[in-house]
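The values are calculated or read from the model by the stated rules, or taken from the named source; none is laboratory data. Only a predicted model underlies this, so the values are computations on that prediction, with no experimental measurement involved. Neighbour counts are summed over all protein chains in view; Cβ atoms, including those assigned to glycine, are modelled from backbone coordinates with ideal geometry.
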């Protein structure tokens, strides 16, 4: 099903997708930016361990769309429009979702970015090879990173790390040290950004209520446009 809608002022086409997880029916969507391209670079969102459905990642989707990327996100089992199931692997669910996203006809397989948040970064670190066997990602964004100096070495591609200054995990370890370790291991290039006054959800606590940090949005967009310059055509 294709529909037109507006995401914070960004006109986009949305394709609803139903697919099989590991013994459970899952539901998701692909959002396309309002640009006329034959193929789009892709952001695949890898959820954290919370119970949020796809709507909880609207701020990341908006930033990706504004950068000229298609964005795929889905409802984890037991949330949103997806089914619930006590059996089966949530890791395999995520791998299946990645495969479905890459099967869509307008996706540029050479420019795929995995954006993992919070516990999603740990899942990606422990299972990077499963995703890479389907399609080696061009780059990875680790939002609220949980991979330390050793674990981050599993991410064998370009890497951007986004952390909040007021996260309970120290940014010195999961931001700077992780970035330094990645750069010491690979030549892909890694960078990190520490958002001032941002909590673990990357929201700016100076606002009431807290809102997605403007610095995170700007740094993420700049990095995306640097990695995929063609998406800057809008």
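Which of the residues belonging to the range 139-166 are assigned to a loop (DSSP other than H, G, I, E, B), more than 14 Å from residue 186 (Cβ to Cβ) and either at pLDDT below 95 or touching a strand residue (DSSP E or B) at 6+ places or on another chain (Cβ under 6 Å) (or both)?
144, 145, 165
Pairs only if they're at least six apart or on different chains, beta carbon under 9 angstrom, first in the range 101-112 and free of Cβ contacts under 8 Å to residues at least 24 places away in the same chain and at positive phi, second assigned to a loop (DSSP other than H, G, I, E, B) and crowded, with 20+ Cβ neighbours inside 10 Å; list them, first residue then second.
Once the first residue is free of Cβ contacts under 8 Å to residues at least 24 places away in the same chain and at positive phi and sits in the range 101-112, no partner that is assigned to a loop (DSSP other than H, G, I, E, B) and crowded, with 20+ Cβ neighbours inside 10 Å comes close enough.
Considering only the range 170-190, how many residues are surrounded by fewer than 17 Cβ atoms within 10 Å (Cβ to Cβ), modelled with pLDDT of 95 or more and not in a helix (DSSP H, G or I)?
Adding up the residues that qualify gives 4.
Run down 130, 115, 123 and say which single residue is at pLDDT 95 or above and buried (at least 24 other Cβ atoms within 10 Å of the Cβ). Give the steps one after another, and end with the answer.
Numbers: 130 fails: buried (at least 24 other Cβ atoms within 10 Å of the Cβ); 123 fails: buried (at least 24 other Cβ atoms within 10 Å of the Cβ).
Only one candidate qualifies: 115.
With respect to residue 71, is the statement that it is under 25 Å from residue 203 (Cβ atoms), touching a strand residue (DSSP E or B) at 6+ places or on another chain (Cβ under 7 Å) and surrounded by 16 or more Cβ atoms within 10 Å (Cβ to Cβ) true?
yes
Got a number for residues in the range 51-76 being under 17 Å from residue 139 (Cα atoms), touching a residue at least 60 places away in the same chain (Cβ under 8 Å) and within 11 Å of the chain's Cα centre (by Cα)?
Here the count works out to 3.
Residues in the range 26-62 that are at pLDDT 90 or above and surrounded by fewer than 16 Cβ atoms within 10 Å (Cβ to Cβ): how many?
Final tally of qualifying residues: 2.
Hey, any hits in the range 199-210 for a residue that's surrounded by fewer than 17 Cβ atoms within 10 Å (Cβ to Cβ) and outside any loop (DSSP other than H, G, I, E, B)?
Within the range 199-210 (the criterion being surrounded by fewer than 17 Cβ atoms within 10 Å (Cβ to Cβ) and outside any loop (DSSP other than H, G, I, E, B)), the answer is no, since none of the residues qualifies.
Report, ordered by the first and then the second residue, all pairs with beta carbons closer than 9 Å, sequence separation of six or more or different chains, a first member in the range 114-136 that is in a loop (DSSP other than H, G, I, E, B), and a second member that is surrounded by fewer than 18 Cβ atoms within 10 Å (Cβ to Cβ).
Between residues of the range 114-136 that are in a loop (DSSP other than H, G, I, E, B) and residues that are surrounded by fewer than 18 Cβ atoms within 10 Å (Cβ to Cβ), the close pairs are 118/49; 118/50; 118/200; 135/99; 135/102; 135/109; 136/156.
From 106, 76, 110, 81, which residue is in contact with a strand residue (DSSP E or B) (Cβ under 9 Å, 6 or more places away or on another chain) and under 30 Å from residue 170 (Cβ atoms)? Reasoning before the result, please.
On the way: 106 fails: under 30 Å from residue 170 (Cβ atoms); 110 fails: under 30 Å from residue 170 (Cβ atoms); 81 fails: under 30 Å from residue 170 (Cβ atoms).
The conditions single out 76.
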